[in-house]
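Just so you know, all these numbers are worked out from the coordinates, no wet-lab data involved. Keep in mind it's a predicted model, so treat the numbers as computed, not measured.
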Amino acid sequence: MPLPSAIPKRPRALAREDVYHHLSTWIIDGTLQPEEPLRDLDIAQRLGVSRTPVREALRRLEDEGLVETALNRWTRVSPLSLVQATALYPVVEALEVLALRLAATSLTASDHARLHTLNTRLTLALQARDAGAAVDADTAFHDLWITKAGNPELQRTLEGLKRKLRRIERAYFDASSAGEASVAEHTAITHALEAGDLDRALQALQANWQGSLQRLHARAER
């Protein structure tokens, strides 16, 4: 897939963070496909920058596992890896459990209502078979207590890990019973929080992450 042609014009050249933002977004949302070649000159010309910030962004993305290189041969988008997902899911699960523990006492009735709204948004996205909207709604649902936990380091760590997962989840998106299971698991989390039963909410959260990984493997094996 070629690089997007419509890049918003800006009054000055894009800085390295902007180049990184564009490339990482294109990789995560599937604009740039797994194993697609990445040529720094082409990217630089498309974004209107020199090759230096592009190379810096590519190195950063390589460190994050989104790009891979063979010295003096090629640079490309990393292939999708279920092995990576299997390693990431338990880590994210454990950190989210911590976040929910920290956030539980500060969640309000408005937050509970927001969780219901986001779960409805997920349901509608699944019905429309809109992978991007479904993943965005799911991410926002979980982000509510991550933000309310009030721990910036925890929030940054989870954000970085979940960016990698988002790419895999979009690729294997399925709007069938797998999506319905996720909605039901979210409902269990929300109801437990509304009832003030933190232990049950934590168990439901763990079930959500473990079920998501099982469903991911099942979809990949089809």
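Miscellaneous remarks
- Rg and Dmax [Cα atoms of segment 1-141; Å; Rg one decimal, Dmax integer]: 18.8, 57
- Choice from 19, 54, 83 showing the highest fluctuation, given a GNM over the chain with Cα pairs closer than 10 Å: 83
- Contact order, relative form, for the chain: 21 percent (alpha carbon pairs under 8 Å, 6 or more residues apart, mean separation divided by residue count).
- 222 nm mean residue ellipticity, helices alone, for the chain (DSSP H n ≥ 4; -39,500 (n - 2.57); rounded to 500): -23500 deg cm²/dmol
- Degrees separating the helix 16-28 axis from the principal Cα axis of the chain, which is the longest one: 60
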